[in-house]
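Take a look at the structure below.
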Amino acid sequence: MILAGAVSIPIFTVGMAKTTLKDKLIQDLVDQNKVHAYVLYYFGIKFYEYSEQTLEQVCIDKGLRVEQVVKELESPNQNFQEADLPLISYPIDLILEYLKHAHFTFVKHKLPYIARLVESFKANHKDYENVEKDLKELFPLFLEDFIHHIYAEEDTLFGYIRVLEKATKGVYNPSQLYYMLEKSSLQKFAMEHEAHDDEMEGIRRITNNYALSADAPLHVKVIYSELTSFEKSLKTHARIENEILFPKAMMLENQVKNIFQRKIKDN
């Protein structure tokens, strides 16, 4: 029985929602949520090349299962976030593994995607012509410097911490460990690390802190969204290193120095 004056409310099933998504133009999907561009990219769909086609049309052209693509588009952030992890309670070897995995994600996934966005950037808008030119010059330099910094950090800082961690368990070569303690200092590592904490200052300056005009092209919106997201990830990464990794590692360093001092006294 339907009461007089009652408003009928349409019931949308999952299937209907998926139909709506697959029938949308690529440009509308990306404009709706900039993360969609990243999901599409890893299915081999560059949003700026298929902007006027529907998702279903592109999937048919590329031999993709539209249901699978829709599923990924519906939950692009399904992996846990850094903030959800109780890293402060993790042993230091797991923290190092977590940070190395983050490095891998930056170098092998996020940065190549942003680099491709910058390479294919055609502003077609007077307000962003200089941004296009400057980003195409600066981003490759930033990328090279960032990757060098990541690998140097893993070779030196992470390597030193692993040696300290093993030494607290009695696994070490005395002369090698003594040499490392003389040569390395976590306080020095921490100071150098702090100097690298704002690596994206130049990019923020070029983009006027990622400010968008009302009529900004979609490509600009996607680039700025990805740069903002990446900078946020970098800040979280730096916070984990500064507030969790370094304090734990300094405790290890002090433990190992105490072990050495006791051995010297015993001898």
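The values are calculated or read from the model by the stated rules, or taken from the named source; none is laboratory data. Everything numeric in this text was worked out from a predicted model, so none of it was measured. Cβ sites come from the backbone with ideal geometry, for glycine too, and all protein chains shown count toward neighbours. Ligands, DNA and RNA are stripped out before the accessible areas are found, and what is left, the full protein with its side chains, is counted by its heavy atoms. Shrake-Rupley method; radii C 1.70, N 1.55, O 1.52, S 1.80 Å.
Can you give me the number of residues within region 95-122 that are touching a residue at least 40 places away in the same chain (Cβ under 8 Å) and either charged (D, E, K, R) or closer than 20 Å to LEU141 by Cβ (or both)?
Residues flagged as touching a residue at least 40 places away in the same chain (Cβ under 8 Å) and either charged (D, E, K, R) or closer than 20 Å to LEU141 by Cβ (or both) within region 95-122 amount to 14.
Taking region 179-194 only, how many residues are closer than 21 Å to ILE150 by Cβ, of a type in the set (D, E, K, R) and open to solvent by 100 Å² or more (accessible area, probe 1.4 Å)?
Of the residues in region 179-194, 2 are closer than 21 Å to ILE150 by Cβ, of a type in the set (D, E, K, R) and open to solvent by 100 Å² or more (accessible area, probe 1.4 Å).
If you take the residues of region 34-79 that are in a loop (DSSP other than H, G, I, E, B) and more than 25 Å from LEU227 (Cβ to Cβ), which of them is most open to solvent (accessible area, probe 1.4 Å)? Walk me through how you get there before you give the answer.
First, pick out the residues of region 34-79 that are in a loop (DSSP other than H, G, I, E, B): 34, 42-46, 50-53, 63-65, 75-79.
Among the residues that remain, those that are also more than 25 Å from LEU227 (Cβ to Cβ) are: 52-53, 63-65.
On the way: GLU52: 123, GLN53: 53, GLY63: 69, LEU64: 49, ARG65: 152 Å².
Of everything passing the filter in region 34-79, ARG65 is most open to solvent (accessible area, probe 1.4 Å).
Being open to solvent by 60 Å² or more (accessible area, probe 1.4 Å), assigned to a helix (DSSP H, G or I) and free of Cβ contacts under 8 Å to residues at least 60 places away in the same chain is the requirement here; does LYS257 meet it? Break it down into steps so the answer makes sense when it comes.
Numbers: open to solvent by 60 Å² or more (accessible area, probe 1.4 Å): yes; assigned to a helix (DSSP H, G or I): yes; free of Cβ contacts under 8 Å to residues at least 60 places away in the same chain: no.
Considered against the rule, which asks whether it is open to solvent by 60 Å² or more (accessible area, probe 1.4 Å), assigned to a helix (DSSP H, G or I) and free of Cβ contacts under 8 Å to residues at least 60 places away in the same chain, LYS257 comes out as no.
Would you pick out the residues in region 164-178 that are of a type in the set (A, V, I, L, M, F, W, C) and open to solvent by 40 Å² or more (accessible area, probe 1.4 Å)? Explain how you work it out, then say what you get.
In the first step, residues of region 164-178 are kept if they are of a type in the set (A, V, I, L, M, F, W, C); the result is 164, 167, 171, 177.
Result: VAL171, single match.
What tally of residues in region 101-138 results from selecting those that are open to solvent by 80 Å² or more (accessible area, probe 1.4 Å) and closer than 24 Å to ALA249 by Cα?
Total meeting the criteria: 2.
Each row is one residue, and each column tells you yes or no for (1) at pLDDT 80 or above; (2) farther than 17 Å from LEU234 by Cα.
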residue: GLU56; (1), (2): yes, yes
residue: ILE60; (1), (2): yes, yes
residue: ARG65; (1), (2): yes, yes
residue: GLN68; (1), (2): yes, yes
residue: GLU72; (1), (2): yes, yes
residue: ALA83; (1), (2): no, no
residue: SER89; (1), (2): yes, yes
residue: TYR98; (1), (2): yes, no
